[in-house]
Amino acid sequence: MEFFNNHKKLFGTALVLFITLTIIVAILPAINNQQNNAPLPNAVKLSEEAFLGKQSFIANGCVACHTQQVRNVDMDKVWGNRPGIAADYASATRTSLWINTATLMGTERTGPDLTNVGVRQPSVAWNLLHLYQPRTVVAQSIMPAYPWLFETKKELNEDDVEVIVPDEFRKGVQGKIVASKEVLHLVAYLQSLKQTPLPDGKPASDFLYQKKKQESVNAQSEQPSLLPDGNLLYVNNCQACHQANGEGLKGAFPPLKGSTVVLGNDLELFVNIIMLGYDARPEYATMNAVGLDNKLTPEEVTAIVNHEKTSWGNNAKTVTLEEVKKIMDYINVTAKK
Amino acid sequence: MENNTLLSETGIIITLVLIIIPVITALLIVIYKIYGIVNGLVRKRELEKFNEYFKGLSQEEVKQLEQRKRELEFALSNNELAGNIKISDSRGLIASINSAEELRFVEKKKKSQPRPYIEPKLSRLILWYLECAVFWLIFGTTVGEYVGIKFVAPDVDHISWLSFGRLRPVHTNAVFWGWASMAMMGLAYYVVPRISNAPLASIKTGFYSLVLINISVILGSITLMAGINNGGGEYREYIWPVMALFGIGIILSIWNFIKTIAHRSNKEIYVSNWYIISAMMFLLVIAVVAYWPGWQNGLGETIVQGYYMHQGVGMWFMLFNLGLMYYFLPQQLNKPIYSYSLGILAFWAQILFYTLIGTHHFIFSAIPWWLQTIAIVGSAGMVIPVVAGTTNFLMTFTGSWHKLSGSYTLPFYLIGIIFYFTGSLQGTAEAFRFTNLIWHFTDFTVAHSHLTMYGIITFMLWGFIYTLVPRLTGKEPSQIIVGAHFWLALIGLLFYTFPLMYGATLRGLMWMEGTKSFIESVELMAPFWLWRAIGGSLMWFSHILFAYNFYVMVKSKEKTVIPTSPAEILLAKEELEKQALTN
């Protein structure tokens, strides 16, 4: 056939076919998306520090292991309150002359998703320690350590942020370990990663592939476990700082083992700390409002309280859901004001 | 209960079948070899038994045997027709005849075919491409090995330039743009002029292209390690000026090739050239679309990313390699391709379906649902070109299977073809929505990309290189070391991928279950990451052997050979006389 023996026609046809398909499947959808899209009205713009931190996030290739997308499937519920939508990424534009738009959605979840990490883990002290050496706070972590983002100084200046590193992880580093500008920016970026709630009145789309509720079976076999799994809640919400053994980290996070708050009878103080955070003891880092940020329910708080009261050798009287509910109702009323 | 429902999912069943196929193929090759060895041993034992019996033969029996021997040995004297006229073989029809005397542990493989004439300058250009490619293979996989070790020992170093997030793209890009791309280009510089039956338009341009591509990969690796990258899309990590150098290199070569094809002395354009030229054109389109600054805001970036990374794999590496396969496989088997029209069908079907499937990397994401569905449909459509291509290659093999055991290059071809089938269809199975739930974001993707980029592309390239280089240099590697390279690479790949796929499935199920914390899924993967490091080490070691083989083919000194064939004797005589003259 003439067509097959004419290189101009043959290669030309292949090229035109490919370009046509490219336009249909990539170029038009992409253009359509960037034209008919805007950030949610209540979305918070990245601060200057956070933007610099994002560039550090890009430079160090964090996207290799951390996604930033909540899919509309049930298993992704742990990473956000609602599935991600195009508007969530609309504010990302070309980063610089050299760097493309970085939506940083990622394709690998070797480490946890970071869409909502600013809510889940807002503590500056924890993030700095974790970046200096992840295994100080999460023993099983395989995340790289980033000690080159920190400086060592003999004397602290006024605005220096010191990181208290446990001795076994100092590896012979003398002096005070101080966070660099870059790592503070990086933490600012991580703190800024929060899912924007949909504007009022708009329900989020559902998560697909919902798991069937199996709790009814459990409830019958294990009385009175109407409460969720306290251990799992502890691991997901508290363990990063207070550690698996409940002993915390010296100079950063207080122990819960043998703690007077945990063992004592002042339930109101205990629940208040979980829900609203705590900053009464200068020898430890500030605790954020873990409960409020993560929207813990009274059931979940009760489970956590009881887990902490009965673990690591702690042996205090457990509390009931009603007691916690009463305090939580009060907190929710005041927190809204 | 859980297992039963899992095993009834189509995607899972397909994947399991696909995983088993290469294993069975490898087993068959092993069984075939072992059968040969055992058979030899059995016969030897039989012979010993007979020897005992022969010792006890009587005089009478011996006489009878001798008598029969004389009768059987009766033969014509071979000059009944010719009489006393001198016999000659003026066309050299009686070529060398190999004979085998002893039982061999390793079968003697067929030697490389006598080389056709290739312009020495062109041959140098091709070898330069391949040498650079081998360097990038060693570099890239050394980095990969190190990155794999970091999963097991995250504190092995604390140097910013060597941290995981920066080294991972160095590994992927070095093996993509360094190893595979340069090897493909080098081979194309042989294939395109040969099937056009015309000299290459410009050898110099070929060198410029090579230099540009090399500079691109060098600069790319350095900038990535220094923390300068394009903003985190896989295989799009080089910043645009670096990738532009690569693109210009490709433009030079494509100009070179098209000019060569335009001056072809045969009428038709062999299908290899369709694939090769298209792959190069498409790469340029992909690169321009993906790197053009000034667009891709918001999710646009992700849509383009899905398109880019998958077209990079399917339209550049796969299409190019298929083109090379359409040339080298018939060459190696010494017969035409089974069906030329199947090759053409696969060509158009590949373009049609492959272009659509990019976004299947972002299923369930915020990308428009219709685009995700198109990607899934396109992934299913990929069955057509893959089955067409595989059938074509395997049918070409049919009738020549006996050549497999007697060749040190063909096993690379076969494994490449098998993985082409299983690896590509595995991609289809992974794109189904349910399988995507389990496997997306896990190391299953990593295993898949190694099954394809390594199992398909790299194995094919090795086969082609072992075929071509001895033709250019006239030197062959030791077949035992080639065998070691083959088996280490194959076994290493299986050790690498299988544990990862198994562990990733467990991890995905754990995530779906939702009753364990995330960090427990990290702990769960620890043993599988160790296996990956072990498999990776085997693969890495096989590359060292490959590099050595390559060295032997290219640089080794001529062995002292005692001339035997008439040509050699004459050459040696001539040389000696020359020496005598100069002395």
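The values are calculated or read from the model by the stated rules, or taken from the named source; none is laboratory data. Owing to the predicted nature of the structure, the values given are computational and were not obtained by experimental measurement. Positions of Cβ are backbone-derived with ideal geometry, glycine not excepted, and every protein chain shown enters the neighbour counts. Heavy atoms of the whole protein, side chains included, go into the accessibility calculation; ligands, DNA and RNA do not. Shrake-Rupley method; radii C 1.70, N 1.55, O 1.52, S 1.80 Å.
List the residue pairs whose Cβ atoms are under 8 Å apart, where the first residue sits in segment A:2-17 and is more than 7 Å from every other protein chain (Cβ to nearest Cβ), the second is polar (S, T, N, Q), and the two are 6 or more positions apart or on different chains.
As it stands, the answer is A:Phe3/A:Thr13, since those pairs meet every condition given.
Being on the phi < 0 side of the Ramachandran plot and in contact (Cβ under 8 Å) with a residue 60 or more places away in the chain is true for just one of B:Ser379, B:Ser365. Which residue is that?
Answer to the check: B:Ser365.
Filter segment A:233-255 for residues that are at pLDDT 85 or above and out of contact with any helix residue (DSSP H, G or I) (no Cβ under 9 Å at 6 or more places or on another chain) and give the result.
Result: A:Gln243, A:Asn245, A:Glu247.
Out of A:Lys325, A:Lys295, I need the residue that is more than 26 Å from the chain's Cα centre (by Cα) and not polar (S, T, N, Q). Which one?
Checking each option against the conditions leaves just A:Lys325.
Just to be sure I understand the filter: pairs with C-beta atoms under 7 Å, separated by 6 or more residues or on different chains, first member in segment A:59-70 and at the interface with chain B (Cβ under 7 Å from one of its Cβ atoms) and within 15 Å of B:Ile239 (Cβ to Cβ), second member open to solvent by less than 10 Å² (accessible area, probe 1.4 Å) and among the small types (Gly, Ala, Ser). Which pairs pass?
Matching pairs, first to second residue: A:Gly61/B:Gly165.
Under 9 Å between Cβ atoms, at least 6 apart or on separate chains: pull out the pairs that start in segment A:99-112 with a residue that is farther than 13 Å from B:His440 by Cα and end on any residue that is basic (Lys, Arg) and assigned to a loop (DSSP other than H, G, I, E, B).
A:Asn100/B:Arg236
Identify the single condition in (1) away from every other protein chain (no Cβ under 14 Å); (2) at pLDDT 90 or above; (3) surrounded by fewer than 21 Cβ atoms within 10 Å (Cβ to Cβ) that A:Glu158 does not satisfy, given that it satisfies every other one.
(2)
Only residues that are under 17 Å from A:Gly12 (Cα atoms) and free of Cβ contacts under 8 Å to residues at least 12 places away in the same chain: list them for segment B:246-268, please.
Hits for segment B:246-268 are B:Ala262, B:Glu268.
Among the residues of segment A:1-58, count how many are among the aromatic types (Phe, Trp, Tyr), in contact with a Ser or Thr (Cβ under 9 Å, 6 or more places away or on another chain) and more than 30 Å from B:Ser265 (Cα to Cα).
Total satisfying the criteria: 1.
Look at segment A:76-85 and say how many of its residues are within 7 Å of chain B (Cβ to nearest Cβ) and open to solvent by less than 20 Å² (accessible area, probe 1.4 Å).
Result for segment A:76-85: 1.
Filter segment A:241-252 down to residues that are surrounded by fewer than 20 Cβ atoms within 10 Å (Cβ to Cβ) and not basic (Lys, Arg) and give me whichever is nearest to the other protein chains (Cβ to nearest Cβ).
Going through the qualifying residues, I end up with A:Ala244.
Can you give me the number of residues within segment A:44-57 that are open to solvent by 10 Å² or more (accessible area, probe 1.4 Å) and under 21 Å from B:Phe362 (Cβ atoms)?
Total satisfying the criteria: 1.
Picking from B:Trp255, B:Trp161, B:Trp177, which residue would you name as being more than 10 Å from every other protein chain (Cβ to nearest Cβ) and under 24 Å from A:Val63 (Cβ atoms)?
B:Trp177
Given the condition of a type outside the set (A, V, I, L, M), farther than 30 Å from B:Ile239 by Cα, touching a residue at least 60 places away in the same chain (Cβ under 8 Å) and not assigned by TED's automatic domain parsing to the domain that holds A:Leu249, answer yes or no: does some residue in segment A:158-166 qualify?
Scanning segment A:158-166, I find at least one residue that is of a type outside the set (A, V, I, L, M), farther than 30 Å from B:Ile239 by Cα, touching a residue at least 60 places away in the same chain (Cβ under 8 Å) and not assigned by TED's automatic domain parsing to the domain that holds A:Leu249, so the answer is yes.
Of these, B:Ser379, B:Ser400, which one is away from chain A (no Cβ under 14 Å), open to solvent by less than 10 Å² (accessible area, probe 1.4 Å) and over 19 Å from B:Pro22 (Cβ atoms)?
B:Ser400
Considering each residue of segment A:116-140, count those that are open to solvent by 10 Å² or more (accessible area, probe 1.4 Å), more than 13 Å from A:Val163 (Cα to Cα) and more than 7 Å from every other protein chain (Cβ to nearest Cβ), and give that number.
Matching residues across segment A:116-140 total 8.
How many residues are of a type outside the set (Asp, Glu), out of contact with any strand residue (DSSP E or B) (no Cβ under 6 Å at 6 or more places or on another chain) and not in a loop (DSSP other than H, G, I, E, B) when one looks only at segment A:56-101?
Adding up the residues that qualify gives 14.
Select from segment A:96-115 the residues that are farther than 18 Å from A:Ala86 by Cβ and of a type in the set (D, E, K, R) and write down the one among them that is nearest to the other protein chains (Cβ to nearest Cβ).
The qualifying residue nearest to the other protein chains (Cβ to nearest Cβ) is A:Arg109.
Regarding segment B:46-58, can at least one residue be identified that is of a type in the set (Lys, Arg) and closer than 30 Å to B:Lys108 by Cα?
Yes - at least one qualifying residue is present in segment B:46-58.
For segment B:219-324, please list each of the helices (runs of 4 or more DSSP H) lying entirely inside it that holds at least 3 residues being within 25 Å of A:Phe51 (Cα to Cα) and open to solvent by less than 10 Å² (accessible area, probe 1.4 Å).
Passing ranges, in order: B:299-311.
Determine if segment A:13-23 includes at least one residue that is assigned to a loop (DSSP other than H, G, I, E, B) and either open to solvent by less than 10 Å² (accessible area, probe 1.4 Å) or farther than 25 Å from B:Pro241 by Cβ (or both).
Scanning segment A:13-23, I find no residue that is assigned to a loop (DSSP other than H, G, I, E, B) and either open to solvent by less than 10 Å² (accessible area, probe 1.4 Å) or farther than 25 Å from B:Pro241 by Cβ (or both), so the answer is no.
Residues that are within 13 Å of chain A (Cβ to nearest Cβ) and open to solvent by less than 10 Å² (accessible area, probe 1.4 Å): which helices (runs of 4 or more DSSP H) entirely in segment B:408-513 hold 1 or more of them?
Filter on segment B:408-513 gives B:433-439, B:444-452, B:479-513.
How many residues, within segment A:171-213, are free of Cβ contacts under 8 Å to residues at least 60 places away in the same chain and among the small types (Gly, Ala, Ser)?
Summing the residues that are free of Cβ contacts under 8 Å to residues at least 60 places away in the same chain and among the small types (Gly, Ala, Ser) in segment A:171-213 gives 5.
Test B:Tyr327 against the criterion of being within 13 Å of another protein chain (Cβ to nearest Cβ), touching a residue at least 24 places away in the same chain (Cβ under 8 Å) and open to solvent by 10 Å² or more (accessible area, probe 1.4 Å), and give yes or no.
Criteria not met by B:Tyr327.
I'd like to check which helices (runs of 4 or more DSSP H) are fully inside segment A:236-337 and have at least 2 residues that are under 26 Å from A:Thr136 (Cα atoms) and not aromatic (Phe, Trp, Tyr).
By residue number, A:239-242, A:260-263, A:267-276, A:290-293, A:298-309.
Scan (1) under 30 Å from A:Cys65 (Cα atoms); (2) more than 10 Å from every other protein chain (Cβ to nearest Cβ); (3) in contact (Cβ under 8 Å) with a residue 60 or more places away in the chain for the single condition B:Glu234 breaks and write down its number.
Every listed condition holds for B:Glu234 apart from (2).
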